[in-house]
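The values are calculated or read from the model by the stated rules, or taken from the named source; none is laboratory data. Keep in mind the model is a prediction, meaning the values are calculated, not measured. Heads up, the Cβs are rebuilt from the backbone with ideal geometry, glycines too, and the neighbour counts pull from every protein chain shown. Accessible surface areas use protein heavy atoms only, side chains included; no ligands, DNA or RNA. Shrake-Rupley method; radii C 1.70, N 1.55, O 1.52, S 1.80 Å.
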Amino acid sequence: MPEYLRPHRLEEALGALQHPFTVLAGGTDFYPTRVGRSIDEDVLDISAIAGLRGIAATAAGWRLGATTTWAELIAADLPPLFDGLKQAAREVGGRQIQNAGTIAGNLCNASPAADGVPPLLALDAAVELASRTGSRTLPLSAFITGNRRTSLMPGELVVAIHVPQPAHDARSAFLKLGARRYLVISIVMTAATLEIAGGRIVSARVAVGACSAVAQRLPALEAALAGAALDASLGGRVEADHLAPLRPIDDVRGSADYRSDAALTVLRRLLQGFAP
Ligand SMILES: Cc1cc2nc3c(=O)[nH]c(=O)nc-3n(C[C@H](O)[C@H](O)[C@H](O)COP(=O)(O)OP(=O)(O)OC[C@H]3O[C@@H](n4cnc5c(N)ncnc54)[C@H](O)[C@@H]3O)c2cc1C
């Protein structure tokens, strides 16, 4: 008989992970991959560990507990820096999924179409991992290593996501294209964080998802945006060459060519949306 554990303390969970348990948080990625068969693996349910939940300001920025749900994030009192992540949260499935699905679950599942990844890349987020022997923190870009692949080692849990405080006033936004308006897997999703002073962009972080195995930052576009005025011409700064890091594929949702075209258009609209 498989074992099911639901500890209340992180230490208990990390102790249990000496044995190869499958981690379960909100279950919204876990259960759909097991439809029609009984669960034959040992399961470690981390949803009762209070210390893994909730959002707190820290000296360096913000700590998002691993099992914070999308609904909790939407309801949280956060500065405009988080607008893009909140917009993404509202696009993760419907209300039921947002009530159960967690931020870390989205990252650990490492789908190329995970809506949480581009906005967290644009927030320069880092992922805190813990095991019985200690903890380590990785940039999100180093945590997700491929399609459904992460840097998680046996015995490790994601315990939090950290978002640094920007040096200037900052705003962020998220824009997703799917085959219909709601409840849809992304064809392209884009996210940007702009740090602003005196009506100009001091620095920009822009990321695109669903156009490569792992969502990508666009350094050439970020450089082109630095120093630009925050006005309606912003979208016009996006050029096809800026999309060089993307490797879109053909699949049931769209061809690679369509994705490249769509990424350009969605990015332009995303940036135009920052104009006052
Ligand atoms: C109907 C439906 C619609 C959806 N729509 C969207 C959508 O629009 N956009 C989108 O991005 N996603 C969508 N999803 C996917 C899913 O809801 C999200 O990815 C969600 O954030 C996953 O979180 P979870 O807590 O449910 O993860 P779980 O299913 O509990 O876990 C997912 C994976 O992560 C691992 N894991 C979870 N937490 C940790 C942790 N702290 N440490 C280590 N490993 C961990 C688990 O072992 C598992 O492999 C949808 C799912 C469904 C069923």
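Whether any residue in the stretch 196-206 is of a type in the set (V, I, T) and without any contact (Cβ under 8 Å) to a residue 24 or more places away in the chain is what I want to check.
Checked the stretch 196-206: no residue is of a type in the set (V, I, T) and without any contact (Cβ under 8 Å) to a residue 24 or more places away in the chain.
Among the residues in the stretch 240-260, are any open to solvent by 30 Å² or more (accessible area, probe 1.4 Å), in contact with a strand residue (DSSP E or B) (Cβ under 6 Å, 6 or more places away or on another chain), outside any loop (DSSP other than H, G, I, E, B) and among the aliphatic types (A, V, I, L, M)?
No, because not a single residue in the stretch 240-260 is open to solvent by 30 Å² or more (accessible area, probe 1.4 Å), in contact with a strand residue (DSSP E or B) (Cβ under 6 Å, 6 or more places away or on another chain), outside any loop (DSSP other than H, G, I, E, B) and among the aliphatic types (A, V, I, L, M).
List every residue pair whose Cβ atoms sit under 6 Å apart, with the two residues 6 or more apart in sequence or on different chains, where the first one lies in the stretch 129-155 and is in contact (Cβ under 8 Å) with a residue 60 or more places away in the chain and more than 20 Å from P245 (Cβ to Cβ) and the second, anywhere, is surrounded by 12 or more Cβ atoms within 10 Å (Cβ to Cβ) and of a type in the set (D, E).
Short answer, once both residue conditions are applied: S131/E156.
Hey, does the stretch 96-115 have a residue that's under 18 Å from T190 (Cβ atoms), modelled with pLDDT under 95, crowded, with 17+ Cβ neighbours inside 10 Å and more than 8 Å from the ligand (Cβ to nearest atom)?
Yes: the stretch 96-115 contains one or more residues that are under 18 Å from T190 (Cβ atoms), modelled with pLDDT under 95, crowded, with 17+ Cβ neighbours inside 10 Å and more than 8 Å from the ligand (Cβ to nearest atom).
Going by what's in this entry, would T67 be described as open to solvent by less than 30 Å² (accessible area, probe 1.4 Å), among the polar types (S, T, N, Q) and under 21 Å from A88 (Cα atoms)?
yes
For the stretch 123-148, enumerate the residues that are crowded, with 21+ Cβ neighbours inside 10 Å and either in a loop (DSSP other than H, G, I, E, B) or within 9 Å of the chain's Cα centre (by Cα) (or both).
L123, A125, L140
Let's see how each residue does on (1) modelled with pLDDT of 95 or more; (2) within 25 Å of M153 (Cβ to Cβ); (3) touching a Gly at 6+ places or on another chain (Cβ under 7 Å); (4) not in a loop (DSSP other than H, G, I, E, B):
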{"residue": "L14", "(1), (2), (3), (4)": "yes, yes, no, yes"}
{"residue": "T33", "(1), (2), (3), (4)": "no, yes, no, yes"}
{"residue": "I39", "(1), (2), (3), (4)": "no, yes, no, no"}
{"residue": "A56", "(1), (2), (3), (4)": "yes, no, no, yes"}
{"residue": "D77", "(1), (2), (3), (4)": "yes, no, no, no"}
{"residue": "L81", "(1), (2), (3), (4)": "yes, no, no, yes"}
{"residue": "L85", "(1), (2), (3), (4)": "yes, no, no, yes"}
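Residues in the stretch 189-207: is at least one open to solvent by 40 Å² or more (accessible area, probe 1.4 Å), in contact with a Ser or Thr (Cβ under 9 Å, 6 or more places away or on another chain) and not in a strand (DSSP E or B)?
No, that holds for no residue.
For residues that are more than 9 Å from the ligand (Cβ to nearest atom) and in contact (Cβ under 8 Å) with a residue 24 or more places away in the chain, tally how many sit in the stretch 18-42.
Total satisfying the criteria: 6.
Report, by residue number, each residue of the stretch 170-186 that is open to solvent by 50 Å² or more (accessible area, probe 1.4 Å) and under 21 Å from L64 (Cβ atoms).
R171
Specify which of the listed residues (A226, A191) is within 20 Å of L107 (Cα to Cα) and either without any contact (Cβ under 8 Å) to a residue 40 or more places away in the chain or touching a Gly at 6+ places or on another chain (Cβ under 6 Å) (or both).
Of the residues listed, the single one that is within 20 Å of L107 (Cα to Cα) and either without any contact (Cβ under 8 Å) to a residue 40 or more places away in the chain or touching a Gly at 6+ places or on another chain (Cβ under 6 Å) (or both) is A191.
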